[in-house]
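> Take a look at the following structure, please.
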Amino acid sequence: MTGIDQTAATGGASGTMGPRVRRPSHPYVYLATLAVCAAVLLPVVALASIALTGSGSDWPHLVANVLPGAIRTTLLLLLLVATGTATMGVVTAWLVVGFDFPLRRIFAWALVLPLAIPPYLAAYAFAEFFHFTGPVQGAIRSLFGFASARDYWFPDIRTTGGAALVLSCVLYPYVYLTSRIVFLMQGRNIADVARTLGARPAKVFWRILLPVARPAIVAGITLVLMETINDIGASEYLGARTLTVSVFTTWLNRGSLEGAAQIAMTMLILVLLLLLAEQWARRKQRFHTSRATQLRAHPPRVRLTGAKGLLAFVAVALPVLSGFGIPLYVFGRYASRRLDQFVSPELGAALINSITTAGTTALVTVVIALVLMNALRLVRSRPIALLVRLASMGYALPGTILGLGLLFTLARFDNLVDAFARSQLGLSTGLLLTGSAAAVIFGCTIRFMALAEGAIRSGLEKLPPHLDEAARSLGQNPARSARKVLLPLLRPAIVTAAVLVFVDTVKELSATILLRPFGFNTLATSVYENASRAVVAEAGPAAILIILTALIPVVLLSGALVRDQEAAL
């Protein structure tokens with residue numbers, strides 16, 4: 001380290017050469033961070049205000065008739081989805097990391113493909129696939145000679161259990177990815193040591209690998225449960241009366257904004273309990289991999305042949321075929337019969353709206369995330385770190401809570417502006433932000449801030465910690481140092497953040513339904529409207545466009561998995 005670099009890193013010492021690099025207070029950093037935090041927390045504060053300051057006339061009805069059933073259904077759905085995703089995610093990760101069987105390398109990356117399928121698309125596809133007129137029941141009738149549905153029994157997909165199956169099939173990759181990382185880094189070495197001591201594979205899995213992977217499994221399940229609570233399309237379509245569905249029905253059917261806010265606050269309490277449970281489950285669970293362990297060659301995988309190899313193949317193939325294959329088959333078939341819709345004005349407008357909204361959201365979100373990370377870099381203090389963490393909590397808010405709170409907040413703002421314009425200028429401004437595309441962008445920016453912040457933080461942590469300070473010690477001010485030094489080095493992380501936010505905005509449904517302007521359709525809302533009118537087949541082209549768009553980050557992620565897999569050989 002040179003004298004200037006050392007001075008920059010240590011702040012200098014009396015009598016040493018080189019300028020002392022001082023950290024200015026940067027008051028604008030605090031203001032910018034506070035503004036972002038206020039924007040994120042504003043919908044929650046607004047909902048709490050509605051729920052606590054209303055007349056309370058709807059509360060007895062909600063307590064007696066709505067909340068008990070909705071809470072039971074939500075908790076049952078969460079339990080079933082947690083069990084299903086944990087089973088599929090952990091077992092598939094264990095198989096592809098620890099064993100060798102036919103097509104293992106392909107399935108190692110193909111198991112993440114269901115991430116490209118939004119839950120609402122999977123629900124529509126499963127309902128069509130397992131319907132009386134679908135291929136499954138059609139094959140059963142042809143095989144056994146049945147003439148009608150009264151001749152045989154077939155489980156109904158439109159139940160809470162059916163919703164849990166659908167959500168499990170598309171959300172298990174969260175658990176698969178987190179478990180796979182632990183198994184790949186530590187599990188194979190530990191398991192190999194246990195096997196040399198005579199332990200059977202089943203005992204190694206239950207007694208050694210599961211305890212080691214527990215923090216990662218809990219983290220993955222928490223993400224799954226957040227997505228389950230956020231879901232509206234799949235639960236509503238399959239008849240699961242969850243808290244999220246109850247928010248919509250209470251507001252739209254009963255016309256009670258106060259009641260919807262009270263249910264939304266109940267959902268928020270459930271989300272907070274999930275986050276606390278995750279922190280409790282992961283307490284004191286830290287596992288360290290030494291550099292020597294990382295450099296040591298991994299032990300060979302256990303080769304499975306015959307019946308065992310076939311069972312392993314089926315175990316990893318079923319999740320991929322269910323979570324990705326069924327939706328692709330159903331909507332691909334529908335889209336192939338409606339090729340003319342790809343050039344229809346309605347689909348073109350929905351595509352343009354989706355691209356414009358998602359592109360603007362990605363741009364705004366990445367810029368704000370860069371501001372937050374720059375604040376954390378310039379002012380390394382606990383208050384700033386806490387504010388940045390609060391600004392990124394939007395991803396933990398279900399889209400229903402976010403959309404409803406933001407809708408009320410923007411309506412109040414528009415009314416205040418209109419009242420001021422009437423009194424001072426004698427004219428009416430009407431609704432400026434409420435029911436506009438800007439409201440959708442605002443909501444998605446808050447919700448997906450954590451994605452951009454996480455990607456940029458990851459890129460920033462890979463850079464030398466005192467790189468920008470060295471640049472400032474050579475005469476560069478903070479703004480020029482960030483523009484000329486940090487931004488070029490962070491370009492891959494910025495692109496990753498923008499892609500993630502863009503794709504999630506294209507798929508977003510629950511907040512978009514509440515905040516969109518009248519007559520403003522995105523690809524997601526177009527599919528939702530067709531499904532609501534019981535014409536899922538008409539949604540084929542829009543659904544295929546959503547899937548193709550969502551495949552972009554999944555393909556990038558799959559490429560990273562392939563590289564990790566090759567490095568581990």
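> Just a yes or no: is a residue in the range 260-277 at pLDDT below 85, farther than 23 Å from Ala163 by Cα and over 24 Å from the mean Cα position of the chain (by Cα)?
Checked the range 260-277: no residue is at pLDDT below 85, farther than 23 Å from Ala163 by Cα and over 24 Å from the mean Cα position of the chain (by Cα).
> Kindly provide the set of residues from the range 120-158 that are part of a loop (DSSP other than H, G, I, E, B), farther than 22 Å from Ala531 by Cβ and open to solvent by 50 Å² or more (accessible area, probe 1.4 Å), ordered by number.
Gly145, Phe146, Ala147, Trp153
> Would you confirm whether any residue within the range 420-429 is among the aliphatic types (A, V, I, L, M) and open to solvent by less than 40 Å² (accessible area, probe 1.4 Å)?
Yes, some residue in the range 420-429 is among the aliphatic types (A, V, I, L, M) and open to solvent by less than 40 Å² (accessible area, probe 1.4 Å).
> Tell me whether the range 227-243 contains one or more residues that are at pLDDT below 85 and closer than 27 Å to Pro319 by Cβ.
Among the residues of the range 227-243, not one is at pLDDT below 85 and closer than 27 Å to Pro319 by Cβ, which makes the answer no.
> Which residues, counting only those in the range 92-106, are out of contact with any strand residue (DSSP E or B) (no Cβ under 9 Å at 6 or more places or on another chain) and surrounded by fewer than 19 Cβ atoms within 10 Å (Cβ to Cβ)?
Pro102, Leu103, Arg105, Ile106
> Separate question: Just to check your reading of the model, which residue among Ala534, Ala550, Ala498 is modelled with pLDDT of 80 or more and over 27 Å from the mean Cα position of the chain (by Cα)?
Ala534
> Based on this model, can you work out whether Ala163 counts as buried (at least 17 other Cβ atoms within 10 Å of the Cβ), touching a Ser or Thr at 6+ places or on another chain (Cβ under 6 Å) and in contact (Cβ under 8 Å) with a residue 40 or more places away in the chain?
yes
> On the given criteria, is Thr73 crowded, with 22+ Cβ neighbours inside 10 Å and in contact (Cβ under 8 Å) with a residue 24 or more places away in the chain?
No, not satisfied.
> Does the range 412-423 include one or more residues that are free of Cβ contacts under 8 Å to residues at least 12 places away in the same chain, part of a loop (DSSP other than H, G, I, E, B) and more than 21 Å from the chain's Cα centre (by Cα)?
Checked against the condition, which is being free of Cβ contacts under 8 Å to residues at least 12 places away in the same chain, part of a loop (DSSP other than H, G, I, E, B) and more than 21 Å from the chain's Cα centre (by Cα), the range 412-423 yields no hits at all.
> For Leu115, which of the numbered conditions (1) surrounded by fewer than 23 Cβ atoms within 10 Å (Cβ to Cβ); (2) within 30 Å of Gly540 (Cα to Cα) fails to hold?
Of (1) surrounded by fewer than 23 Cβ atoms within 10 Å (Cβ to Cβ); (2) within 30 Å of Gly540 (Cα to Cα), only one is false for Leu115: (1).
The values are calculated or read from the model by the stated rules, or taken from the named source; none is laboratory data. This structure is a prediction, so every number in the text was calculated from the model and none was measured. Positions of Cβ are generated from backbone atoms using ideal geometry, with glycine treated the same way; all protein chains shown enter the neighbour counts. Note: areas computed on protein heavy atoms with side chains; ligands, DNA, RNA excluded. Shrake-Rupley method; radii C 1.70, N 1.55, O 1.52, S 1.80 Å.
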